[in-house]
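The values are calculated or read from the model by the stated rules, or taken from the named source; none is laboratory data. Please read these numbers as outputs of a predicted model, since none were measured by experiment. Note that we place each Cβ from the backbone using ideal geometry, even for glycine, and neighbour counts take in every protein chain shown.
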Amino acid sequence: MSKKKYSVPPEQTVEVPYERLDPDTLRNLIQEFVSRDGADWGDPGCSLDDKVKQVLWQLGKKKVKVIFELNSQTANIVICR
């Protein structure tokens, strides 16, 4: 008897140019990203505004990017490869 292997389809993603996002939407996305459990931002005294500025700088330097995951309908910030 053969067993069927079921796999989860790979997450399909689309890169979203951060410049095309509404500024409030982008800020909310970044705030959610930097405040996640397990986020390591080094200096515990770093303010939320400082963290947001750091991510905006990384977006501008193309070190990170915004992606939209089609299956889960969620946005995320990931390291550029």
Where a residue in region 22-34 is in a helix (DSSP H, G or I) and its partner, wherever it lies, is of a type in the set (Ser, Thr, Tyr), with Cβ under 7 Å and at least six apart | 26/18
Provide a single number: the residues in region 39-81 that are part of a helix (DSSP H, G or I), at pLDDT below 90 and within 21 Å of residue 13 (Cβ to Cβ).
-> 0
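Can you go through 36, 27 and tell me which one is out of contact with any Leu (no Cβ under 7 Å at 6 or more places or on another chain) and modelled with pLDDT of 95 or more? Let's see the steps before the verdict.
Working: 36 fails: modelled with pLDDT of 95 or more.
27 is the lone residue from the list that is out of contact with any Leu (no Cβ under 7 Å at 6 or more places or on another chain) and modelled with pLDDT of 95 or more.
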